[in-house]
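Step one of this worksheet: look at the structure below.
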Amino acid sequence: MTTLSGSRVPPILASAGELLVRYEVLFCDVWGVVHDGVTAYARATEALIRFREHGGTVVLLTNAPVPVHRVEAMLDARRVPTEAYDAIVSSGEIALAHIAEKRYRAVHFIGPRGRDAAFFERATAEDAPLETAEAVVCTG
């Protein structure tokens, strides 16, 4: 289809199935895509399961500043079936791995301690004043 200006308009797909058959891996956001904050989107999780059944790999991505085990618990609480994904990547887990890999001893942490407690509990560095910190981590 072409518009009056001559530019092409991408087709609107009724489902992702016809598009996904061309790919081996699907990277999928979590919040608003797999669940609405309360429960899983049944059609979305069914599509992810079908993709996996046809040999695809599903990696769920989230910018949540928490370790992966907390994301797994949250998905379970929202009834997202484990059959819908192969792996989870969270920004919190990546940051924790980076802190450990670089062997930072002093990090200036910024963020809500109560809400992001799982992150702060797993951090291998001590909280330090900005002036003496080797790195800064901001959550929330």
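The values are calculated or read from the model by the stated rules, or taken from the named source; none is laboratory data. Since the model is a prediction, treat every value here as computed from it, not as a measurement. Cβ atoms come from the backbone with ideal geometry, glycine included; neighbour counts cover every protein chain shown. With ligands, DNA and RNA removed, areas are computed over all heavy atoms of the protein, side chains included. Shrake-Rupley method; radii C 1.70, N 1.55, O 1.52, S 1.80 Å.
Taking 0.36 nm per residue of separation and subtracting the Cα-Cα distance, full extension of the segment from Tyr41 to Ser91 would add 15.7 nm.
By accessible area, using a 1.4 Å probe on protein heavy atoms only, the stretch 69-121 has 51% of its surface on carbon and sulfur. Averaged over its residues, the stretch 50-140 has an accessible area of 59 Å² per residue, based on protein heavy atoms and a 1.4 Å probe.
Put a plus charge on the Cβ of each Lys and Arg, a minus charge on the Cβ of each Asp and Glu, and nothing anywhere else: the dipole of the chain about its Cα centre is then about 240 debye.
For the stretch 16-88, the relative contact order is 38 percent, taking Cα pairs closer than 8 Å that sit 6 or more residues apart in sequence and dividing their mean separation by the residue count. Think of the stretch 1-73 as a dipole: +1 on every Lys or Arg Cβ, -1 on every Asp or Glu Cβ, centred on the Cα centre; then among Cys28, Gly56, Val9, Val9 lies furthest on the positive end. For the pair Glu131 and Val21 in one chain, pulling the backbone fully straight at 0.36 nm per residue adds 34.4 nm over the alpha carbon distance. Remark: spin-label model distance Ala14-Leu61 equals 2.9 nm, labels positioned 7 Å along the Cα→Cβ axis.
Take every Cα pair under 8 Å in the chain that's 6+ residues apart, average their separations, divide by the length, and report that relative contact order as a whole percent. Kindly include the intermediate steps, with their values, before the conclusion.
On the way: 204 pairs, mean separation 27.2, N = 140.
Relative contact order for the chain comes out at 19 percent.
Distance between the 7 Å Cα→Cβ label points at Ala77 and Lys102: 3.0 nm.
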